[in-house]
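Every read-out reported here was derived from the displayed coordinates using simple, explicitly stated rules and does not represent laboratory data. Just so you know, these numbers come straight off a predicted model, no measurement behind them. With ideal geometry, Cβ positions are generated from the backbone for all residues, glycine too; neighbour counts draw on all protein chains shown.
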Amino acid sequence: DFTGITETSPNDHEQTMLQQAVKDDCWDVMMLGFNMMHQVARDAVLPHTMERGIGTLMMFVVRNVFSVAGRLQTTMKDLAADGKVPDWLAHSDDPLGFLVHEGGADSVIEAAYRYVRHEPGADVVLFGTGRTEHLDANIASILKPPLPAADRAKLAELFGHLRGVGLDLPGPG
């Protein structure tokens, strides 16, 4: 028997519940939100799951912010207006384009999967699709090596402080 716990990421941007739960000596697995623009778990949860041997299922890896046309640009404009990201991101047609280059990712969605897949403490990357070509592409992305260190560092610098970005619930964009 295994005992697991799942956070409600859209309602707990600081992962407060998991920070408390990880102290209990009863969990075998935890399901939590983590993505390129919501990196809270890196310091708040994952060090503790690794220390205690708790498996992790990573969700909210690719949501509407990365997959719906125009959503990333709108999000960047809102974040820049709030002073949470540099203005240049709000004025770019491709704010995460720096991730797509030779030796880097082939697409932003690929970058998102690779980013989470190779995060220390991430055991399983969850994704859902009803299309075979998406399934094949997602698996191919997850099987690729980590993003270049410079790309990971830039993501941490630009977005490491953000909370709750990309945690939209399933459904229409």
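State all residues of the stretch 141-160 that are in contact with a helix residue (DSSP H, G or I) (Cβ under 6 Å, 6 or more places away or on another chain) and in a loop (DSSP other than H, G, I, E, B); if no residue qualifies, say none.
Selection gives Lys144, Leu147.
Exactly one condition in (1) touching a residue at least 24 places away in the same chain (Cβ under 8 Å); (2) in a loop (DSSP other than H, G, I, E, B); (3) buried (at least 19 other Cβ atoms within 10 Å of the Cβ) is not met by Pro95; state its number.
Unmet condition: (1).
Inside the stretch 109-140, can you point out the residues that are of a type in the set (Val, Ile, Thr) and either in contact (Cβ under 8 Å) with a residue 12 or more places away in the chain or in a loop (DSSP other than H, G, I, E, B) (or both)?
Ile109, Val116, Val124, Val125, Thr129
Cβ-Cβ distance below 6 Å, separation of 6 or more or different chains: which pairs start in the stretch 68-79 with a residue that is touching a residue at least 60 places away in the same chain (Cβ under 8 Å) and end on one that is assigned to a loop (DSSP other than H, G, I, E, B) and among the aliphatic types (A, V, I, L, M)?
Sorted first by the residue in the stretch 68-79, then by its partner, the pairs are Leu79/Val85.
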